[in-house]
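Some notes on the structure that comes next.
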Amino acid sequence: MQSGKMRKQGLSGKRHAGHGGGHGAVRVTTEREVRVGVFRQPAMQTPVLVLNASYEPINICGARRALVLVLKGVARTEEEQGAVLHAARMRVAMPSVIRLLEYRRIPHQTRALSRKNILLRDRNSCQYCSVILTAGELTLDHVIPRSRGGLSTWENLVACCHNCNRRKGNQMLHELTDMKLQREPRPFSLHTSRHIMRMIGSADAAWRKYLYFEAEPAA
């Protein structure tokens, strides 16, 4: 895929330089870094936890989508971020957690294939060098290039930084000696979705109480 110009080349360059072992080295991504990468978004794209009417966590959406659901009366805000959106005739608190007002049956199937879901599955990290970036600083890479027969599937699309995207070009991984995937790309299952929700919400009290974490032991 053609890569665009990075919006924050200086910042991203520093992250790449800090890998030490180069692009061939495996870098362990911490949960804190994942949270920084996912939440360091423009205000209207900040992740919001979506609960079913039964309070079961079922999804993560952007703040813009969450506000639309609340304003349409489809959902209500359960937890707020602290920020306030000022419109011409109203002030609306930005939600952190919303709950659907009508119960929706969630089928046990994989999510729709989309850029948003690929980035969420890959924790906003480049799957070649593990750098954590915002959605706007990442692109998608076809592991087997389209020019060589690669398809747009869960197993062939990964989140990728622009530097790695340029370096890989239309080459196959076995043709490169210094690039490899950090993990095998898989479809986004319900299990994957819940794992990511728990990981993102592990340090956020507003999310944590809805994600079935065990109560802290008494002192």
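Bear in mind these aren't lab numbers, they're just calculated from the coordinates by the rules spelled out. Keep in mind the model is a prediction, meaning the values are calculated, not measured. Heads up, the Cβs are rebuilt from the backbone with ideal geometry, glycines too, and the neighbour counts pull from every protein chain shown.
Structure values in brief
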quantity: Environment charge at Leu138 (Cβ cut-off 10 Å; Lys +1, Arg +1, Asp -1, Glu -1); calculated: -2
quantity: Net charge of neighbours whose Cβ lies under 14 Å from the Cβ of Glu78, counting Lys and Arg as +1 and Asp and Glu as -1; calculated: 0
quantity: Under the Karplus curve 6.51 cos²θ - 1.76 cosθ + 1.60, θ = phi - 60°, whole-Hz ³J(HN,Hα) for region 158-164, x wherever Gly or Pro sits; calculated: 9, 5, 8, 6, 5, 4, 5
